[in-house]
Amino acid sequence: MEEKNIILSVRDLVIKFRLRGDVLTAIREASLDLYEGESLAIVGESGSGKSVFTKSFMGLLDANGWIDSGSIVFEGQDISQYKTEKDWLKIRGDKIAMVFQDPMTSLNPLKSVGKQVLEAIELHQNIRGDKARKKVIEILEDVGIDEPEKRYRQFPHEFSGGMRQRVVIAIAIACNPRILICDEPTTALDVTIQAQILDLLKALQEKYNLTTIYITHDLGVVANVADRIAVMYAGDIIEIGKCEEVFYNGQHPYTWALLSSLPQLGVKGEDLFSIKGTPPNLFYEIKGDAFAPRNPRALKIDFLERPPYFSVSPSHKAKTWLLDPRAPEVHPPESIQVLRQQWEVESNG
Amino acid sequence: MDRKDKEKLLEVKNLRVEFGRRKKNKFVAVKDVSFHIYKGETFGLVGESGSGKTTIGRAIIRLNETAGGEIIFDGKRINGKIDKELDKEITRRIQMIFQDPMASLNERAKVDYIVSEGLYNLKNYRDEKERKEMVEKALLDVGLLPEFLSRFPHEFSGGQRQRIGVARSIVMEPELIIADEPISALDVSIRAQVLNLMSELQKKKGLTYLFIAHDLSVVRFITDRVAVIYKGEIVELAATEKLYRHPLHPYTRALFSAIPHPDPRKERAKVLEIYDPSCHDYEDNPPRWVEIEAEHFVLANERELDVYRKMLESPDETYSL
């Protein structure tokens, strides 16, 4: 792998929330290096902490949450130490921007679409008047909105779901951020529109020189757009690697489970692979591998000690005891083996 | 199986559903839709949001009024004005599972009441004891424990809540279940659980499903036959695998070309087809609903039918309309 600049570096981040008198640990010592210009997908179930993790980069944690320990280094500064809104405003929108899930609720219904993009530009870029207006029209064109002059004056309700998501993206990129976080950008959209929005995001990444983070629970969506994939479970990144590495050579039992529960890999008429049980309760301390109680192939040590990262390749590592040289050989489920074989056949042929 | 062996449980003929009373704001949500569902099969209805797929489901279960056409269930017409007895019977024999288990369960009621509500309405049980038995059996059938009866919905996870949703429909011992996006609000791992539960119940009780969804890979996995709906009209209908392998109508092709694969290489090689409704010349050559080959229906005019027939003969070449 060629040397890449690290744009954001998270080390041993712990995020806690206070809820009804109890303390919940949402992120448990997660570390991540984000490379400049890459697109990273963070995949996990709801409650795995993927949204909380990325929201902490922008100081958007709910009032009852706080960064307990660890660091987030961005442009040479540890932004996890930021306390005031004033500090965060330098980052939020300007440097790191976010596209939210539901385009139906993330726009202001009382303001014209153009005004909403204009607002972002005026606030962050210090351009005003006609110049700003021109810039808005340019951006609207960039995100694939036809007749931007006419659309500028229209209101969100006059736009379809896909078009609204384009406007949301326009607002996010209006201030030339360095990192764009897309939180489930396509879940609320239809398949055909979904594919178009992903294509758009890919094109914009190149044009605006963005580093993008996709947050999603659907592995099918990220196969197309992600350079790297991080799998998150119970507040920790349990496997990270290049897209191909995670799909074809995944190592953590949770990655296997997540992949094989996809209906695309199921055999018709047979039961679909399903993960038993529920994610761990984060109010309690988790011992060992957090996935062990749901893992039918769990080893004894999985219940006792938390696994460290084992490297699979320079770009691929996973937190599972299965990679320890002392571990017995455990075969992944059938559908994963099929995926692997296909890959090996194609790579050799 | 020969189709003559199969019994049609539900037949929808030229269904039309309109919203808005006056001419000015009248909106035709479903126009001239015809299909039938065989007993014991899973029939899929796919399309984008606003295409009318939910409206069709709601029209069948008598939540939406129909403006034209017929819905025939087990030989009897069930749309429009029907007598009270039949209405009661239909309510029992057709049930629905809703999309969002977070929103579709009464937060103030215990599971016992939620599951029994249909029974209370129809009073089709002899005494309290029998009702209790029926409810407990329904819970066991969906993999929940009878002691959950005295709990409230907020005490359950999303997957368990959807199981409660399934329990309250099967407690009525229905024959047809309309599942409107039953898993799209659920997490990937829980989706698999609910899908497995649905097919298990189908095997055990001989249920028939109308499965409404926009997630094409789920539909491919679970349905036997599938209809593709676009702006209130069904454009193509066939056995699921056949349709996914050789879609004919340009909208079906566009839809299927967008399905995400959990396989980076396939995904990057994928070519998106975009559907442009202006490719049809329907002005002077209107389309018909034609059975182009056995059990494969498509909405097309004569010129398009010629192209589609060629496509069926040699499916590997590329065609344009």
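None of the figures in this text is laboratory data; all of them are computed from the coordinates on show. On a predicted model such as this, the values are computed, not experimentally measured, just so you know. Virtual Cβ from ideal backbone geometry, glycine too; neighbours counted across all protein chains shown.
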| Over the range B:243-321, what is the mean sequence separation of C-alpha contacts under 8 Å (at least six apart), divided by residue count, expressed as relative contact order in percent? | 26 percent
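Taking the Cα centre of the range B:1-65 as the origin, how large is its charge dipole in debye, to the nearest 20, when only Lys and Arg (+1) and Asp and Glu (-1) carry charge on their Cβ atoms? Please report the intermediate quantities before stating the final value.
Details: 16 positive and 9 negative charges, 106 e Å.
Roughly 500 debye for the range B:1-65.
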| remark: Per GNM of chain A with C-alpha springs under 10 angstrom, the most fluctuating residue out of A:ILE72, A:ILE127, A:ILE229 is A:ILE127
| said: Could you work out [θ]222 nm for chain B from helices alone, using -39500 (n - 2.57) per DSSP H run of at least four and dividing by all its residues? Round to the nearest 500 deg cm²/dmol. | reply: -10500 deg cm²/dmol
| request: Provide the gained length on full extension for the span A:ASN209 to A:GLU334, in nm with one decimal, where the gain is 0.36 nm per separating residue minus the Cα-Cα distance. | output: 41.0 nm
| message | Within 10 Å, Cβ to Cβ, of A:PHE74, how many net charges do the neighbouring residues add up to if Lys/Arg are +1 and Asp/Glu are -1? | response | 0
| note | Once both label points are put 7 Å beyond Cα along the C-beta direction, the B:GLU295-A:ARG128 separation in nm becomes 7.1 nm
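Please label the shape of the range B:3-231 as rounded, prolate or oblate, based on the square roots a ≥ b ≥ c of the eigenvalues of the alpha-carbon gyration tensor (a/c under 1.5 means rounded; beyond that, a/b larger than b/c means prolate, else oblate). Working shown, then result.
Values: a/c = 1.58, a/b = 1.40, b/c = 1.13.
Prolate, because a/c is 1.5 or more and a/b exceeds b/c.
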| How long is the gain from A:ARG11 to A:LEU60 if the chain were fully straight, where each residue apart is worth 0.36 nm and the alpha carbon distance is subtracted? | 15.8 nm
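Taking the Cα centre of the range A:6-226 as origin, sum charge times position over the Cβ atoms of Lys and Arg (+1) and Asp and Glu (-1), and report the length of that vector in debye to the nearest 20. Let's see the in-between values first.
Details: 27 positive and 31 negative charges, 147 e Å.
Rounded to the nearest 20 debye, it is 700 debye.
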| message | Can you give me the C-alpha center-to-center distance between the range A:281-317 and the range A:230-277, rounded to a whole angstrom? | response | 15 Å
| Using a Gaussian network model of chain B with C-alpha springs under 10 Å, which one of B:ASP281, B:ASP141, B:ASP263 is most mobile by mean-square fluctuation? | B:ASP263
| field | Rounded to 10°, Cα long-axis angle of helix B:84-93 versus longest principal axis of chain B | value | 80 degrees
| remark: Charge dipole of the range B:3-231 built from unit charges on the beta carbon (Lys, Arg +1; Asp, Glu -1), centred at mean Cα; most positive-end Cα among B:THR208, B:PHE27, B:GLY57 is B:PHE27
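Could you list the trypsin sites (Lys or Arg not before Pro) in the range A:1-60 that lie in coil according to DSSP, counting only those with at most 16 other Cβ atoms within 10 Å of their Cβ?
A:LYS4, A:ARG20
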| message | Could you give each residue of the range A:263-269 its phi-based ³J(HN,Hα) in whole Hz, using Karplus coefficients 6.51, -1.76, 1.60 with θ = phi - 60°, and x for Gly or Pro? | response | x, 4, 9, x, 9, 4, x
| Loop-located GluC sites (Glu not before Pro) in the range A:280-349, at most 14 other Cβ atoms within 10 Å (DSSP) | A:GLU285, A:GLU305, A:GLU329
| request: Determine, from the Cβ-Cβ distance of B:ASP281 and B:LEU312 and an R0 of 22 Å, the FRET efficiency 1/(1 + (r/R0)^6), rounded to the nearest 0.05. | output: 0.55
| note | With +1 at each Lys and Arg Cβ and -1 at each Asp and Glu Cβ, the charge dipole magnitude of chain B around its Cα centre, to the nearest 20 debye, comes out at 900 debye
| field | Chain lengthening between B:GLU133 and B:SER34 when straightened (0.36 nm per residue, less Cα-Cα) | value | 31.7 nm
| field | Choice from A:GLU122, A:GLU270, A:GLU239 with maximal GNM fluctuation in chain A (Cα, 10 Å cutoff) | value | A:GLU270
| note | Tilt, helix B:188-205 to longest principal axis of chain B (alpha-carbon atoms), in degrees rounded to tens, equals 80 degrees
| remark: Contact order relative to length for chain A, counting C-alpha pairs under 8 Å separated by 6 or more residues, stands in percent at 19 percent
| remark: Loop-resident chymotrypsin sites (Phe, Trp or Tyr not before Pro) in the range A:266-349 with no more than 11 other Cβ atoms inside 10 Å, DSSP not H/G/I/E/B, are A:TYR284
| If one computes the Cα centroid of the range A:52-102 and of the range B:145-200, what distance in Å separates the two points? | 38 Å
| query | Given a cut-off of under 8 Å on Cα pairs at least six residues apart, what relative contact order in percent is computed for the range B:1-78? | reply | 39 percent
